Amino acid sequence: MFWRLPDGSGTPDVPSLILLGLTTWIIYILDRLLDIKVYPENPSERHKFHAEHQYNLSVLLVVLSIIAAVLCFFIPKAVFYFGGFLSLGLLTYFFVLNKFLKNTKMQWLKEPTTAICYCLAVIGIAYVQHSSINLSAWFLALMFFLIASQNLLVFSYFESFSKDASDNTVDFFGQKTAVRIIRVIGFVVLFLAIFFFSNGWDYIHKIGLLLAIMSQILSFLPAKQRFFLQHDRYRWVGDGVFILPIVLLWL
């Protein structure tokens, strides 16, 4: 989506996109396996799953890491250097989080940091390839970051109903304040979409509309709390919104 900016004619670098997917998966598995070691008490269903299958997941982690290392030889230099700096930042973050903050109330910082790092990776590998970036592209990047933050806040909100000590963002702000923030983010994204991207049907306008739809879906989830809590439906919908940009291939 971001690689094809500004007019939809850009050509994404396939090895970079594959590498992005692999490293996202690698970080997720690694984070879960570390959680099992560092926070063994009061595990969630996802933590139990990873604990039961940690051997297979460890093997998968090694295989994915080898494939990712090979792909590093096929990506543009700008993406490689950007990824290297981002990786150093992530390693520093993981070290500080698990060394100094694991028994403090600062654990809630994990979620906004995740949103920042995720957006830097998704948007950064595209933007470092552009010779120039216009203001509308930066607004789209801001909207995407707000949606990623909103997604994590929605997940924290629903998790606060399923376990006693969550130590997440909602545990820090409180449920009522968290819902307000979720709705405010939805309003801000909708405002930006209407104000900057409603005066045409070019590629950037399509992205603006799509991001607004994604944010409104996330804003709606807390309104039907009981329904989306069942069978972790909020996870399917909350993460499913990030698949919606695929429609841009046909618009």
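The values are calculated or read from the model by the stated rules, or taken from the named source; none is laboratory data. All of these numbers come straight from a predicted model, not from anything done at the bench. When we count neighbours, we look across all protein chains shown, and the Cβ atoms used for this are built from the backbone with ideal geometry, even at glycine. Keep in mind that these areas ignore ligands, DNA and RNA; they rest on the heavy atoms of the full protein, side chains included. Shrake-Rupley method; radii C 1.70, N 1.55, O 1.52, S 1.80 Å.
Would you kindly state the longest site-free stretch of the chain, with sites defined as chymotrypsin sites (Phe, Trp or Tyr not before Pro) in a DSSP loop (not H, G, I, E, B) surrounded by at most 14 other Cβ atoms within 10 Å?
That gives 75-200 as the longest site-free run.
May I ask you to derive the relative contact order of the stretch 2-249, considering only C-alpha pairs under 8 Å and at least 6 residues apart, and to give it as an integer percent?
Taking the mean separation of contacting Cα pairs over the length of the stretch 2-249, I get 19 percent.
222 nm [θ] for the chain, helices only, -39500 (n - 2.57) per DSSP H run of 4+, per residue, to 500? If you can, show how the numbers build up before the last one.
Details: 11 runs with 180 residues, N = 251.
Computed mean residue ellipticity for the chain: -24000 deg cm²/dmol.
Could you state the accessible area per residue of the stretch 2-249 in Å², with a 1.4 Å probe and every protein chain left in place?
Heavy-atom accessible area per residue stands at 56 Å².
Using DSSP H assignments, which helices in the chain have an axial alpha-carbon span of 27 Å or above and a mean Kyte-Doolittle hydropathy of 1.0 or higher?
Working: long enough: 14-38 (36 Å, 1.43); 77-100 (34 Å, 1.22); 135-162 (41 Å, 1.39); 175-197 (32 Å, 1.85).
In the chain, the long hydrophobic H runs are 14-38, 77-100, 135-162, 175-197.
With charges only on Cβ, +1 for K and R and -1 for D and E, what is the dipole size of the stretch 133-251 about its Cα centre, in debye, rounded to 20? Intermediate values should be presented prior to the final figure.
On the way: 9 positive and 7 negative charges, 68 e Å.
The calculated dipole for the stretch 133-251 is roughly 320 debye.
Ignoring ligands, DNA and RNA, what percent of the accessible area of the chain is carbon or sulfur (1.4 Å)?
Taking all protein chains in place, the chain shows 69 percent carbon and sulfur surface.
Where in the stretch 205-232 does the amide nitrogen come within less than 13 Å of the point 7 Å from the Cα of SER162, taken along Cα to Cβ?
226-232
Using the crude model of +1 on Lys and Arg Cβ and -1 on Asp and Glu Cβ, and no other charge, please compute the dipole size for the stretch 2-249 relative to its Cα centre, in debye to 20.
Details: 19 positive and 15 negative charges, 68 e Å.
Dipole about the Cα centre, nearest 20: 320 debye.
At a 1.4 Å probe radius, which order do LYS176, LYS206 fall into by accessible area, largest first?
Listed by decreasing accessible area, they come as LYS176, LYS206.
Which cross-chain or sequence-distant (5 or more) residues have an amide H under 5 Å from the amide H of GLN129, H modelled 1.01 Å from N in plane?
none
May I ask you to rank SER162, SER131, SER65, SER149 by accessible area, largest first, using a 1.4 Å probe over the protein chains only?
In descending accessible area the options line up as SER131, SER162, SER65, SER149.
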